[in-house]
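Chemist: Please read through the structure below; I'll follow up with questions.
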Amino acid sequence: MPHTIAVAGKGGVGKTTTCGMIIDYLCKKNRGPVLVVDADANSNLNEVLGVEVETSLGAIREEMAQAELKGTVPAGMTKADYAEFKFNSALIEEDDFDMLVMGRTQGKGCYCFVNGVLKTQVDKYAKNYSYVVMDNEAGLEHVARGTLPHVDTMLLVSDCSRRGIQAAARVAEMVQELNLQPGKMGLIVNRAPGGILDDGVKAEIEKHGLTLLGVLPQDEGVYRCDCDGEPSAKLPETNPVKSAVRDLMQNLGL
């Protein structure tokens with residue numbers, strides 16, 4: 001079974017950037033093959049990694065629905081065979097990792113179908129990889145649904161504010177309530193000026209009993225990548241954030 005890493009946290013704290021740098025670390029250390037799962041309906045992990053996404057599970061689901069309505073399912077194929085054929089095309093194959101993007105359906109409606117498809121695809125592919133890394137949406141819906149069969153390492157990402165720490169603590173409480181029992185769970189605090197935490201933030205972490213795994217500094221290079229649409233995961237190894245992620249992963253034994 002692969003080692004599964006789930007990255008969670010509220011929106012806007014740099015969760016996806018952190019996830020991208022973790023993936024880049026695993027690839028650079030030849031820890032692969034790695035299966036990357038972008039489980040956020042507002043998918044943008046590919047931009048952090050510098051990967052072109054031609055389709056997503058959500059887009060394929062819409063295409064299939066239209067094919068059924070118009071009667072354009074290829075002759076000689078059952079709906080199940082057509083679905084299998086189409087969903088297989090969603091796997092993006094790169095040199096160092098492969099990637100599944102959940103995406104979203106069009107218009108109103110429940111995401112249950114696409115969530116279910118994502119779980120099926122992950123179950124099908126995961127056994128072929130050494131690591132599975134999932135970038136979750138702001139909540140823990142995918143983890144709670146069992147999209148990953150088991151989480152070995154749960155990384156909670158926060159910015160360096162008390163409110164951010166409180167949000168991460170609520171996610172940690174959800175993990176306990178759902179009895180998910182990850183092998184290891186801890187907090188990563190992102191965008192800390194100079195890589196130093198304020199005493200008030202430290203106190204908030206201690207108050208909620210969170211295990212601090214690492215602190216990532218606020219960095220101009222990451223900011224410029226975000227502004228210019230460049231892949232921050234491809235920043236040089238000397239970048240302060242990449243160095244901090246590298247230390248974090250080594251301390252975790254990964």
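The values are calculated or read from the model by the stated rules, or taken from the named source; none is laboratory data. Quick caveat, the model's predicted, so the values are computed rather than measured. No Cβ is skipped: glycine too gets one built from the backbone with ideal geometry, and neighbour counts run over all protein chains shown. Only protein heavy atoms, including side chains, enter the accessible area calculation; ligands, DNA and RNA are left aside. Shrake-Rupley method; radii C 1.70, N 1.55, O 1.52, S 1.80 Å.
Chemist: Report, by residue number, each residue of the stretch 147-171 that is aliphatic (A, V, I, L, M) and either at positive phi or part of a strand (DSSP E or B) (or both).
Modeler: Once the filter is applied, which keeps residues that are aliphatic (A, V, I, L, M) and either at positive phi or part of a strand (DSSP E or B) (or both), the stretch 147-171 yields 154, 155, 156, 157.
Chemist: When you scan the stretch 75-85, do you find a residue that is open to solvent by less than 40 Å² (accessible area, probe 1.4 Å), over 28 Å from residue 250 (Cα atoms) and without any contact (Cβ under 8 Å) to a residue 40 or more places away in the chain, even just one?
Modeler: Within the stretch 75-85 (the criterion being open to solvent by less than 40 Å² (accessible area, probe 1.4 Å), over 28 Å from residue 250 (Cα atoms) and without any contact (Cβ under 8 Å) to a residue 40 or more places away in the chain), the answer is yes, since at least one residue qualifies.
Chemist: So, restricting to helices (runs of 4 or more DSSP H) that lie completely within the stretch 1-92, which ones have at least 2 residues that are in contact with a strand residue (DSSP E or B) (Cβ under 8 Å, 6 or more places away or on another chain)?
Modeler: Answer list for the stretch 1-92: 15-28, 45-49.
Chemist: Determine, yes or no, whether residue 203 is at pLDDT 90 or above, farther than 21 Å from residue 244 by Cα, in a helix (DSSP H, G or I) and out of contact with any strand residue (DSSP E or B) (no Cβ under 6 Å at 6 or more places or on another chain).
Modeler: Yes.
Chemist: In a helix (DSSP H, G or I) and at pLDDT 80 or above: which single residue out of 95, 123 fits that description?
Modeler: Result of the check over 95, 123: 123.
Chemist: Hey, could you check the stretch 1-45 for residues that are basic (Lys, Arg) and over 9 Å from the mean Cα position of the chain (by Cα) and say which is nearest to residue 235 (Cα to Cα)?
Modeler: Looking at the filtered set, the residue picked out is 28.
Chemist: Within the stretch 240-247, can one find any residue that is over 21 Å from residue 16 (Cβ atoms) and either at pLDDT 95 or above or open to solvent by 80 Å² or more (accessible area, probe 1.4 Å) (or both)?
Modeler: Scanning the stretch 240-247 turns up no residue that is over 21 Å from residue 16 (Cβ atoms) and either at pLDDT 95 or above or open to solvent by 80 Å² or more (accessible area, probe 1.4 Å) (or both).
Chemist: Just name the residue that is farthest from the chain's Cα centre (by Cα) out of those in the stretch 59-101 that are of a type in the set (Gly, Ala, Ser) and closer than 30 Å to residue 16 by Cβ.
Modeler: 65
Chemist: Further question: Residues of the stretch 152-166 being of a type outside the set (Asp, Glu) and surrounded by fewer than 21 Cβ atoms within 10 Å (Cβ to Cβ), which ones?
Modeler: Scanning the stretch 152-166 gives 161, 162, 163, 166.
Chemist: Has the stretch 172-195 got any residue that is at positive phi, surrounded by 15 or more Cβ atoms within 10 Å (Cβ to Cβ) and within 19 Å of the chain's Cα centre (by Cα)?
Modeler: Yes, the conditions are met somewhere in the stretch 172-195.
Chemist: I'd like the residue in the stretch 1-41 that is of a type in the set (Lys, Arg) and farther than 11 Å from residue 131 by Cα and, out of all such residues, is most open to solvent (accessible area, probe 1.4 Å).
Modeler: 28
Chemist: A further question follows. Can you pull out every residue in the stretch 42-56 that is surrounded by fewer than 18 Cβ atoms within 10 Å (Cβ to Cβ), out of contact with any helix residue (DSSP H, G or I) (no Cβ under 7 Å at 6 or more places or on another chain) and not charged (D, E, K, R)?
Modeler: 42, 55
Chemist: While we're on this one: Inspect all residues belonging to the stretch 144-163 and state whether any of them is touching a Ser or Thr at 6+ places or on another chain (Cβ under 8 Å) and free of Cβ contacts under 8 Å to residues at least 60 places away in the same chain.
Modeler: no
Chemist: If you take the residues of the stretch 213-234 that are out of contact with any strand residue (DSSP E or B) (no Cβ under 6 Å at 6 or more places or on another chain) and small (Gly, Ala, Ser), which of them is most open to solvent (accessible area, probe 1.4 Å)?
Modeler: 229
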